[in-house]
Amino acid sequence: MKPAAFTYQRPTTLAQALAAYAAAPEAKVLAGGQSLIPLMSMRLTSVPELIDINGIEELSHIRVERGRGVRFGAIVRHAQLHEHAEAREVQPLLHAALSHVAHATIRNRGTTVGSIVHADASGEMPMVLSLLRGTLTVASVEGRRVITAEDLFVGPLETSLRAGEIAIEAFVPALPARHGVAFDEIARRHGDYALCGVGAIVGLDADGAIEHARAGYVSVSETPAVVDLTGCFPDGRLTEQGLKDAAELALTHLDPEADIHASAEYRAQLARTLTTRVVAAAHADAGARATAEVTA
């Protein structure tokens, strides 16, 4: 299949890209293109103009700020971020989730910011941004603004970006002391869209009791879903009953749907199983990190 005819621009500065986008509001911005190009090639969407931002060097950065977090630009590939040792150390959930993103060829070309802006609740990275309470920086000819993950995802495949705005950078906070993370998903084949995926972050107090616990979900809601599970562990201990309660609480916030790959009931059961597994793993990770911090 071939896409319909379109015009093409490849600006070399952000200012040029923003001016081009302002002049052509029906255009699409091309970074990794792993979702856009197949849609165009199958003629499921018609794009009159492409603005290719891959020549803009200032959008290729990965900046690790110890104690603060990780910033990565709009043309950083999944593989680059996944393999970045400092980013993994400062926020290990990035590496854990990116390990499950698609297949190697797609990770080598697809961009993490692009995946976030695509806003597919079946994608790992929109959930990660939401779970970590990250932010997205966007720019237009009128200036820049920062959007919190909470305000970014407003509907299925829909964000709060305004006309003429280009996402230029994402930020995720560093993992705080005495915190741990984990991620797991179930897919028909590794790299395929998950039937269900769960990420978790657990924080411990100075005595090792659970101070807070949150989980984020993939493929079981229309937008990235994050559930606060702290109340399921009222005495701060990780118990089997607490994990069961967490799984049931999560389901009250989710809306698993049936498709050709799985029934709604099966997805719900996967959410239960993965919640208990991943929260327990994040708790163990937090304990190990707390011990390492004391002995360092």
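The values are calculated or read from the model by the stated rules, or taken from the named source; none is laboratory data. Remember, predicted model here, so these are calculated numbers, not experimental data. Glycine gets a Cβ as well: all are built from the backbone with ideal geometry, and neighbour counts include every protein chain shown. Accessible surface is based on the protein model in full, side chains and every heavy atom, while ligands, DNA and RNA are left aside. Shrake-Rupley method; radii C 1.70, N 1.55, O 1.52, S 1.80 Å.
Structural remarks
- Matching residues, the range 163-192, being open to solvent by 30 Å² or more (accessible area, probe 1.4 Å) and on the phi > 0 side of the Ramachandran plot: Arg178
- Within the range 248-267, the set of residues being within 21 Å of the chain's Cα centre (by Cα) and assigned to a helix (DSSP H, G or I) comprises Ala250, Leu251, Arg267.
- Here Arg66 does not qualify as open to solvent by 20 Å² or more (accessible area, probe 1.4 Å), in contact with a strand residue (DSSP E or B) (Cβ under 9 Å, 6 or more places away or on another chain) and of a type outside the set (Ser, Thr, Tyr).
- Looking only at the range 266-296, and only at residues there that are of a type in the set (Ser, Thr, Tyr) and open to solvent by 80 Å² or more (accessible area, probe 1.4 Å), the one that is modelled with the highest pLDDT: Tyr266
- Under the condition of being of a type in the set (Val, Ile, Thr), part of a strand (DSSP E or B) and open to solvent by 30 Å² or more (accessible area, probe 1.4 Å), the residues counted in the range 193-241 number 1.
- Taken as a whole, the condition of being open to solvent by 20 Å² or more (accessible area, probe 1.4 Å), among the polar types (S, T, N, Q) and in contact with an Asp or Glu (Cβ under 6 Å, 6 or more places away or on another chain) does not apply to Ser263.
- The listed residue being closer than 14 Å to Ala31 by Cβ and touching a Phe, Trp or Tyr at 6+ places or on another chain (Cβ under 7 Å), out of Leu81, Leu93: Leu81
- Take the conditions (1) open to solvent by 30 Å² or more (accessible area, probe 1.4 Å); (2) more than 20 Å from Val138 (Cβ to Cβ); (3) among the polar types (S, T, N, Q); Gln91 misses just one of them, which is (1).
- Taking each residue of the range 1-17 that is without any contact (Cβ under 8 Å) to a residue 60 or more places away in the chain and looking for partners that are open to solvent by 90 Å² or more (accessible area, probe 1.4 Å) and outside any helix (DSSP H, G or I) with beta-carbon atoms closer than 7 Å, six or more apart or interchain, yields Met1/Met42; Met1/Arg43; Pro3/Arg43; Ala4/Arg43; Ala4/Ser46.
- Taken together, Ser130, Ser160, Ser140, Ser115 contain a single residue that is closer than 29 Å to Leu251 by Cβ, among the small types (Gly, Ala, Ser), surrounded by fewer than 22 Cβ atoms within 10 Å (Cβ to Cβ) and at pLDDT 95 or above, which is Ser160.
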